[in-house]
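The structure appears below as structure tokens.
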Amino acid sequence: MDQDKLFALALDASGASYSPYSRFRVGAALLCEDGSVFTGANVENRSFGLTVCAERSAVSAAVSAGRRSFVGIVVATPDAEYPVSPCGACRQVLSEFLKPDALVVFGSSAGARVETTMGELFPHDALHELGGGPRRDPTDP
Ligand code: THU
């Protein structure tokens, strides 16, 4: 699936954002190895620290549906004039499932997009540097 289509899906997903505190909508479209796509939106909470970003919503939706192999993620921030990159918590969570060469794209309403990789966004990741790390057999629960 091409990047424009994924961006359109991410933008559409941002429409479901629950963001009464920041008024900052975010949508994410996660492309699975099998070609399927799972989307997510940010879900805020009045206890601010419990907010779940769009990227983590998408990962939860996909993993809950039985997917674990992802080739890329596209994030849309329609309320920003500039592209907003995934937060540190999301980088950590994405790195659990996306390999260093997986594509990561984030773009704003104004059309500017940043294209990078998981490895660029989250370098020196012990999980991958250790050759898969513990409990990385796909059949593991
Ligand atoms: N947010 C995301 O969902 N993803 C990002 O990549 C950046 C930030 C959310 C968290 C919060 O609901 C709002 O955007 C403002 O930070």
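Could you tell me which residue of the range 44-63 is nearest to residue 5 (Cα to Cα), considering only residues that are surrounded by fewer than 22 Cβ atoms within 10 Å (Cβ to Cβ) and more than 10 Å from the ligand (Cβ to nearest atom)? Spell out how you get there, then give the answer.
Keep residues of the range 44-63 that are surrounded by fewer than 22 Cβ atoms within 10 Å (Cβ to Cβ), which gives 44-53, 56, 60-61, 63.
If we keep only those that are more than 10 Å from the ligand (Cβ to nearest atom) as well, we get 46-47, 49-50, 60-61, 63.
Numbers: 46: 33, 47: 34, 49: 32, 50: 30, 60: 21, 61: 19, 63: 22 Å.
Taking the candidates together, the pick is 61.
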message: Just to check your reading of the model, which residue among 98, 94, 103 is surrounded by 23 or more Cβ atoms within 10 Å (Cβ to Cβ), touching a strand residue (DSSP E or B) at 6+ places or on another chain (Cβ under 6 Å) and farther than 16 Å from residue 24 by Cα?
response: 98
task: Return only the number of the condition from (1) open to solvent by 10 Å² or more (accessible area, probe 1.4 Å); (2) under 19 Å from residue 15 (Cα atoms); (3) at pLDDT 95 or above; (4) not aromatic (Phe, Trp, Tyr) that residue 89 does not satisfy.
output: (2)
- prompt: Among the residues of the range 73-86, is any open to solvent by less than 60 Å² (accessible area, probe 1.4 Å), among the small types (Gly, Ala, Ser) and more than 12 Å from the ligand (Cβ to nearest atom)?
  reply: no
message: Conditions first: (1) part of a helix (DSSP H, G or I); (2) within 22 Å of residue 124 (Cα to Cα); (3) more than 16 Å from the ligand (Cβ to nearest atom). Residue 93 passes all but one, so which condition is the exception?
response: (3)
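Determine whether residue 67 is under 29 Å from residue 141 (Cβ atoms) and assigned to a loop (DSSP other than H, G, I, E, B). If you could, list the steps in order and put the result at the bottom.
Numbers: under 29 Å from residue 141 (Cβ atoms): yes; assigned to a loop (DSSP other than H, G, I, E, B): yes.
Considered against the rule, which asks whether it is under 29 Å from residue 141 (Cβ atoms) and assigned to a loop (DSSP other than H, G, I, E, B), residue 67 comes out as yes.
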task: Working carefully through the options 105, 114, find the one that is within 15 Å of the ligand (Cβ to nearest atom), touching a helix residue (DSSP H, G or I) at 6+ places or on another chain (Cβ under 8 Å) and in contact (Cβ under 8 Å) with a residue 12 or more places away in the chain.
output: 105
- prompt: What pairs can you find where one residue is in the range 48-69 and under 19 Å from residue 99 (Cβ atoms), the other is assigned to a helix (DSSP H, G or I) and β-branched (Val, Ile, Thr), and their Cβ atoms are less than 7 Å apart, with a gap of 6+ or different chains?
  reply: 56/93; 59/93
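For residue 30, indicate whether it is on the phi < 0 side of the Ramachandran plot, away from the ligand (no atom under 12 Å from the Cβ) and open to solvent by less than 10 Å² (accessible area, probe 1.4 Å).
Values: on the phi < 0 side of the Ramachandran plot: yes; away from the ligand (no atom under 12 Å from the Cβ): yes; open to solvent by less than 10 Å² (accessible area, probe 1.4 Å): yes.
Yes; evaluated as a whole, the condition is true for this residue.
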message: Name the residue that is most open to solvent (accessible area, probe 1.4 Å), counting only residues in the range 2-21 that are part of a loop (DSSP other than H, G, I, E, B) and within 18 Å of residue 107 (Cα to Cα).
response: 2
- request: Of the conditions (1) more than 10 Å from the ligand (Cβ to nearest atom); (2) under 30 Å from residue 126 (Cβ atoms); (3) surrounded by 14 or more Cβ atoms within 10 Å (Cβ to Cβ), residue 66 clears all except one; give me its number.
  value: (3)
Among (1) under 30 Å from residue 139 (Cα atoms); (2) in contact with a strand residue (DSSP E or B) (Cβ under 9 Å, 6 or more places away or on another chain); (3) more than 14 Å from the ligand (Cβ to nearest atom), the one test that residue 2 misses: (2)
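The values are calculated or read from the model by the stated rules, or taken from the named source; none is laboratory data. None of these values were measured; they are calculated from a predicted model. Here the Cβ is made from the backbone with ideal geometry for all residues, glycine too, and neighbour counts use every protein chain on show. In case anyone asks, the SASA skips ligands and DNA or RNA and just uses the protein heavy atoms, side chains included. Shrake-Rupley method; radii C 1.70, N 1.55, O 1.52, S 1.80 Å.
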